[in-house]
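What follows is one structure encoded as structure tokens, with my remarks underneath.
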Amino acid sequence: MESTEVEIIWSGPRGRAELLISAITPDDPESFSYEILDFEESAKLIIRVISDNLNRTRSTIDDILVCLAAADTSLDVVEKK
């Protein structure tokens, strides 16, 4: 059976990448993998979803993006205070 692989790539400070991933891993940690790559002045958070079902892949990506957006917005609010 064929599989689908999708990557979400986020760039920014490593500390924020760690906070973002910690906000989404409790939901469904076995549905994706991730790594954080360090560069000179920033980091990249790479989230991979691999599935043999295209609808499941889409649903997982949608969930991850919603959770990442909520976590990112929450971090913005906390940082402004």
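Some points to look at:
- Hits in segment 28-48 (condition: in a strand (DSSP E or B) and small (Gly, Ala, Ser)): 33, 43
- The set of residues in segment 6-31 being more than 20 Å from residue 75 (Cβ to Cβ), of a type outside the set (S, T, N, Q) and touching a helix residue (DSSP H, G or I) at 6+ places or on another chain (Cβ under 8 Å) consists of 6, 28.
- Members of segment 49-81 found to be open to solvent by 90 Å² or more (accessible area, probe 1.4 Å) and in a helix (DSSP H, G or I), listed by number: 54, 55, 56, 58, 63, 66, 78, 79, 80
The values are calculated or read from the model by the stated rules, or taken from the named source; none is laboratory data. Remember, predicted model here, so these are calculated numbers, not experimental data. FYI the Cβ positions are ideal-geometry reconstructions off the backbone, even for glycines, and counts take in every protein chain you see. Ligands, DNA and RNA are excluded from the accessible area calculation, which covers all protein heavy atoms including side chains. Shrake-Rupley method; radii C 1.70, N 1.55, O 1.52, S 1.80 Å.
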